[in-house]
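The values are calculated or read from the model by the stated rules, or taken from the named source; none is laboratory data. Nothing here was measured: the structure is a model prediction, and the numbers come from that model. Here the Cβ positions follow ideal geometry from the backbone for every residue, glycine too, while neighbour counts run over all protein chains shown. Surface areas here come from the heavy atoms of the whole protein model, side chains and all, with no ligands, DNA or RNA. Shrake-Rupley method; radii C 1.70, N 1.55, O 1.52, S 1.80 Å.
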Amino acid sequence: MTSITPHTKAKALKPGSRRPAKELCSECGLCDTYYIHYVKEACAFLNQQISELEEMAHGRSRNLDDENDWYFGVHQQMMAAQKKQPIEGAQWTGIVSTIACEMLTQGLVEGVVCVQNTKEDRFQPMPVIARTTEEILAAKVNKPTLSPNLSILEEIEQSGMKRLLVIGVGCQIQALRAVEKELGLEKLYVLGTPCVDNVTREGLQKFLETTSKSPETIVHYEFMQDFRVHFKHEDGSIEKVPFFGLKTNKIKDIFAPSCMSCFDYVNSLADLVVGYMGAEFGWQWIMVRNETGQQMLDLVQDQINTKPVISQGNRKPAVQQSIPAYDQGVTLPMWAAKLMGVVIDRIGPKGLEYARFSIDSHFTRNYLYVKRNHPEKLDDHVPEYAKRIVNQYQLPKS
Ligand code: FAD
Ligand code: SF4
């Protein structure tokens, strides 16, 4: 067992400021631990330092002259992938859980930080350090709510583990990278997922009740590449609701303020990222950011089919048109929403262009949110790459 170091180097916090990011806090969990002493440097919402942390994690920050780097972050390669034998009940085909299981069984790591759910509630996140493959598999599928993954940081140090895999979303990983050197690990592996529009548990309930015909039977949902939300129900049926038919006026305030001011959709600081939005419908999207990420992916190469990513269509008119709709919470009648969904699915952006569509739509919305609600933060908080993305569009003046 390692002894607990006092972490005296970090700047002192005023007593009582348990969540210094206040309403922008994403509940990443850091402030539930004594690593709160690093919060002023480490918190993604108090100190935006993606470029510096990219240098530390990947040896360089993103090249803004290369469009893929500019949009998706530092990477060595990307691809579309599916597991040959999908894991039943995983969010997609279970590539994340499979990599984690292989890392544990092949002895690369002694534990895996992942998110199970509580016994009472299938969507209530419960971060754990998994030490068996059963515990990793019990964390499969998204808990689409803010999750305090870093609340287990003290447990890592107390456990004496030296080699660890952490699975997490961007804000958690930014804070983790900032305190990585204080954790006493020999090797940290980071497996990230993209993340956007996260919500509190109450916000999730409102979203499900406003959008689905049967909110209580939903076991899983995803905002799919076909411009529809797919809700999977307990009986295996899939309910599809077009994005453009969402009751935006009712749900626009459910997204956490942290997610309305986030510009790290693609999890810039993970070694390996597994999502879906850069791949065609039905496929997962893998981005290898550095050598460590490649080593992690190599463990499952024989268990996955892969193909190159594609990029088709032109997202820009759709993004420009969606800016006022997002902004004013416009909701289309369902027939019009369905029609628009069908048309845009046929001729709209696909593959990497779909990912750029989603990034552009969210960054423009979030830029307006920060400008209106936290104008004093705008310049420092929005990374250079995001400013360039936003500057491609005409935004409302105020
Ligand atoms: P599985 O094998 O099912 O494993 C899922 C893993 O996610 C588990 O290890 C679990 O520990 C972890 N996890 C679950 N809930 C959380 C949470 N709240 N916080 C942190 N980790 C969690 N991909 C995109 O391309 N675009 C998106 O917009 C997007 N949004 C996402 C939003 C959230 C909140 C999350 C958690 C993921 C999001 N993803 C997004 C990633 C995508 O939905 C899949 O999680 C990813 O493709 C992995 O699928 P899988 O079948 O391999 O995962
Ligand atoms: Fe603390 Fe994390 Fe909230 Fe920032 S986001 S205030 S680091 S718990």
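Of the residues I156, I173, which single one is modelled with pLDDT under 95 and open to solvent by less than 10 Å² (accessible area, probe 1.4 Å)?
Working: I173 fails: modelled with pLDDT under 95.
From the options I156, I173, the qualifying one is I156.
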Out of (1) open to solvent by 50 Å² or more (accessible area, probe 1.4 Å); (2) in contact (Cβ under 8 Å) with a residue 12 or more places away in the chain; (3) touching a strand residue (DSSP E or B) at 6+ places or on another chain (Cβ under 7 Å), the one D235 does not meet is (3)
Single match in N63, N47, N117, N68 (criterion: within 30 Å of D379 (Cα to Cα) and within 16 Å of ligand 1 (Cβ to nearest atom)): N68
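Among K213, K181, K206, which is the only one that is in a helix (DSSP H, G or I) and touching a residue at least 12 places away in the same chain (Cβ under 8 Å)? Lay out the reasoning, then the answer.
Numbers: K213 fails: in a helix (DSSP H, G or I); K181 fails: touching a residue at least 12 places away in the same chain (Cβ under 8 Å).
It is K206.
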Of everything in the range 18-65, what is of a type in the set (G, A, S) and either open to solvent by less than 10 Å² (accessible area, probe 1.4 Å) or within 21 Å of the chain's Cα centre (by Cα) (or both)? Give them in sequence order. A21, S26, G29, A42, A44, S51, A57, S61
Select from the range 188-219 the residues that are within 16 Å of ligand 2 (Cβ to nearest atom), of a type in the set (A, V, I, L, M, F, W, C) and open to solvent by less than 30 Å² (accessible area, probe 1.4 Å) and list them in ascending order. V199
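Does L185 satisfy being within 15 Å of ligand 2 (Cβ to nearest atom) and under 21 Å from Q49 (Cβ atoms)? Step through it out loud before you land on a result.
Numbers: within 15 Å of ligand 2 (Cβ to nearest atom): no; under 21 Å from Q49 (Cβ atoms): yes.
It is false that L185 is within 15 Å of ligand 2 (Cβ to nearest atom) and under 21 Å from Q49 (Cβ atoms).
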I'd like to know if the range 63-78 contains one or more residues that are at pLDDT 95 or above, more than 9 Å from ligand 2 (Cβ to nearest atom), more than 21 Å from G278 (Cα to Cα) and not in a helix (DSSP H, G or I). no
Flag if S214 is more than 13 Å from ligand 1 (Cβ to nearest atom), at pLDDT 90 or above and within 27 Å of W285 (Cα to Cα): no
Counted residues, the range 137-151 - those being open to solvent by 10 Å² or more (accessible area, probe 1.4 Å) and part of a helix (DSSP H, G or I): 2
Quick one: count up the residues across the range 76-114 that are farther than 17 Å from W283 by Cβ and more than 9 Å from ligand 1 (Cβ to nearest atom). 13
Determine whether I254 is touching a helix residue (DSSP H, G or I) at 6+ places or on another chain (Cβ under 6 Å) and of a type in the set (A, V, I, L, M, F, W, C). yes
Single unsatisfied condition, M287 versus (1) of a type outside the set (F, W, Y); (2) in contact with a His (Cβ under 6 Å, 6 or more places away or on another chain); (3) more than 15 Å from A355 (Cβ to Cβ): (3)
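Could you please find all residues in the range 32-44 being among the hydrophobic types (A, V, I, L, M, F, W, C) and within 16 Å of ligand 1 (Cβ to nearest atom)?
Taking the range 32-44 as the starting set, the residues that turn out to be among the hydrophobic types (A, V, I, L, M, F, W, C) are 36, 39, 42-44.
Selection gives A44 alone.
For a quick check of your reading: which helices (runs of 4 or more DSSP H) sit entirely within the range 288-398 and have at least 2 residues that are among the aromatic types (F, W, Y) and at pLDDT 90 or above?
Values: elements: 291-298, 316-328, 334-347, 352-373, 378-381, 384-390.
Output list reads 352-373.
Considering only strands (runs of 3 or more DSSP E) fully contained in the range 226-284, which possess at least 1 residues that are under 19 Å from the mean Cα position of the chain (by Cα)? Working first, answer last.
Numbers: elements: 228-233, 238-242, 272-275.
Counting at least 1 such residues, we get 228-233, 272-275.
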